[in-house]
Amino acid sequence: MLRQYVSSVGNFSSQYGANTSTSYVIANIIGEPSSYPSYGDFIQSCVLRTYGKWWKSAPEALQPLDNLSQRYFSCDDFIEMHFDRKTYITGINIYETYNPGAIVRILAFDESASNSSHQWFVVWEIKGGCPPVTEQSARIFSPLIKPPPFPTRVICIEFNSSNVAYYTELDAVELVGKWDVNVDDISLAQCIEGLNIDSDYEKEMLLTPQDSSSFDNGCFDLLPGEVIFNILSYLPLNDICKLAQVSTLFYRHCYNPLLPQHQHLNLQPYWFILTKSSLDGFVTKCKRIRSLRLSWCGTHNDMLSSQSLLQIVQVPTLCRLDLSCCALTDELFKSLIPLCQNLTELDVSSTLKYLSCSSLQVIAILSKLVRLNLYNTAVDTTCAMSIVQMCQRLQHLNLGACFYIHDYNQVIDKASSNCPSIKSLDLWRAKSLTSTGINYLAQRSKHLLALDLGWCSNIDSQDGCLIELLKCCNALRKLYLTANRSISEKELMAIAKHCPDLEQLDLLGNSSVTLAGVQRVLGCCRNMVFLDLSFCGKITDEHIYHLSMQYPKCSIKNSHTQ
């Protein structure tokens, strides 16, 4: 039996820490446990950026493309992990040291499979989300897995943080396996033999339907087409693809481009089984497509090189395109974007390792954009300025963790001048942002509903820039001031006075925050549902307890280390 820990990290969707840091980054999953069995918030842990349900209810939150796939797919983040040696895995041990319970699916990768075949294998999953874990202690999560019938050294863990009260933190992942399959090992042989059972994730569910002309339609011929259409509109995409193979009648109805599943095509739940031929099968279905979600797709095959993708995106009705964590090439991206002239929403977040700044420059031609997510991309100062110069209809802009933007003040100057309708702005870890940029927002972006200034360490609020911002942007519903060490009672009083509609406030790491200031904010901001007071030195656990009792509708956070 071989036991090994993560040796390197492949793709991942987000991380709390900065790309240049060693604190709270995904790479901390590498190696043996360093914190377990201690429980708490440790900087040497692996931490994703999101948690809880607040992200999905924030003003800048995207509406889901469909609710049907959510019955078994509810993943927000993923981490791909590599190990040194291939083994036939028999177990996985995950060291969760803070707020456990976010893991919803684990997959293993078959490196010997071809690009056109099924490369990923689901070894464990929990459908329809994850039940809340109430225990506040570190644990080794060892799910009962379905061993894959091939040796592997790559696994992918997917997370749904909606039911987690605060950031979930991982310390290590251990892979347990055998060098080879022992045919006398009854338990393992039975598991592998049992893989032929029906599954929602069988590869054929997304392939082009087979010729069904020889099948009898039965009594379904008697049903009006409107009734069949209505029934099909309640089915998830994988069931639609299977049903199309039943008969000629269902084939015709399942290929109806007016079906909501085809108008709002969400392929993210099936990222691990999609191939070139899968995408080819959707071309005729997507003549009226409005939204296409390809997030996480193409990382281990050539699926995105299919000409079918270019055929789909050039449909004039397409207005939303999600390409987060997609393994796009510069050449493909430069060919694809000019075909999407009617796009109003574009997400290319977490494509730092795939798309260069020169290719992202092409986004500037999308003059109708209302929403743009550039989180953790290679966009630089010049490119960002060019985009906000041309995309003047922008209302929601995410420039968080853009390491190559060396002058955020210039970008904010241009954005606030050219995008007067901006409603949400994510500037997470904008290191070069100073009071100058905040003053630009105060003067010109008075419609702001959501502003994330988390870990913008060069903002000095002592010159009154934040107070002026709060006066001018008094419709704010979400404000993140994470780790802004210069926050004082004056800023809290300004929040209480000028932002009565505030719903989410993050003050983590602000040592000057006092109980009196917090009480004033909660007393005036009656709609507050989330308040993070973690590592606020003057706020004690007893204060948190009494505040939570006094304001039960507000989830008040106070991170700690054991």
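The values are calculated or read from the model by the stated rules, or taken from the named source; none is laboratory data. Since the structure is predicted, the reported quantities are computational estimates derived from the model, not experimental observations. All Cβ positions, even for glycine, are placed from backbone atoms using ideal geometry, and neighbour counts span all protein chains on display. These accessible areas exclude ligands, DNA and RNA; they are computed on the full protein's heavy atoms, side chains included. Shrake-Rupley method; radii C 1.70, N 1.55, O 1.52, S 1.80 Å.
Rundown of residues vs (1) touching a strand residue (DSSP E or B) at 6+ places or on another chain (Cβ under 8 Å); (2) more than 25 Å from residue 57 (Cα to Cα); (3) of a type outside the set (Phe, Trp, Tyr), yes/no style:
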residue	(1), (2), (3)
392	no, yes, yes
399	yes, no, yes
402	no, no, yes
410	no, yes, yes
424	yes, no, yes
441	yes, no, yes
461	no, yes, yes
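Considering region 386-484, there are no qualifying helices (runs of 4 or more DSSP H) wholly inside with 1 or more residues that are aliphatic (A, V, I, L, M) and modelled with pLDDT under 95. Return the residue satisfying two criteria in turn: it lies in region 284-300 and is closer than 10 Å to residue 255 by Cα and buried (at least 17 other Cβ atoms within 10 Å of the Cβ), and of such residues it is modelled with the lowest pLDDT. The qualifying residue modelled with the lowest pLDDT is 285. Say whether the condition of being among the hydrophobic types (A, V, I, L, M, F, W, C), touching a residue at least 40 places away in the same chain (Cβ under 8 Å) and more than 19 Å from residue 400 (Cα to Cα) is met by at least one residue in region 448-462. Taking every residue of region 448-462 in turn, none turns out to be among the hydrophobic types (A, V, I, L, M, F, W, C), touching a residue at least 40 places away in the same chain (Cβ under 8 Å) and more than 19 Å from residue 400 (Cα to Cα).
When region 334-377 is examined, which residues are found to be part of a helix (DSSP H, G or I) and open to solvent by less than 40 Å² (accessible area, probe 1.4 Å)?
Once the filter is applied, which keeps residues that are part of a helix (DSSP H, G or I) and open to solvent by less than 40 Å² (accessible area, probe 1.4 Å), region 334-377 yields 336, 337, 357, 359, 360, 362, 363, 364.
Being out of contact with any His (no Cβ under 9 Å at 6 or more places or on another chain), touching a residue at least 60 places away in the same chain (Cβ under 8 Å) and outside any helix (DSSP H, G or I), is that true of even one residue in region 304-321? Checking region 304-321: not a single residue is out of contact with any His (no Cβ under 9 Å at 6 or more places or on another chain), touching a residue at least 60 places away in the same chain (Cβ under 8 Å) and outside any helix (DSSP H, G or I). Looking across 60, 80, 32, one residue alone is closer than 30 Å to residue 431 by Cβ and part of a loop (DSSP other than H, G, I, E, B). It is 60.
Anything in region 1-44 that is open to solvent by 50 Å² or more (accessible area, probe 1.4 Å), more than 10 Å from residue 171 (Cα to Cα) and hydroxyl-bearing (Ser, Thr, Tyr)? List them, or say none.
Filtering region 1-44 for residues open to solvent by 50 Å² or more (accessible area, probe 1.4 Å) gives 1, 3, 5, 12, 19-20, 22, 27, 30, 32, 34, 36-37, 43-44.
Of the ones still in play, those that are also more than 10 Å from residue 171 (Cα to Cα) are 1, 3, 5, 12, 19-20, 22, 27, 43.
Hits for region 1-44 are 5, 20, 22.
Taking residues in region 529-547 that are over 16 Å from residue 484 (Cα atoms), and partners anywhere that are assigned to a strand (DSSP E or B), the pairs with Cβ atoms closer than 7 Å and at least 6 places apart or on different chains are 529/504; 529/555; 530/504; 530/555; 544/556; 547/556. Beta carbons closer than 6 Å, at least 6 apart along the sequence or on distinct chains, pair a first residue in region 501-518 that is β-branched (Val, Ile, Thr) with a second that is open to solvent by 30 Å² or more (accessible area, probe 1.4 Å) for 514/538.
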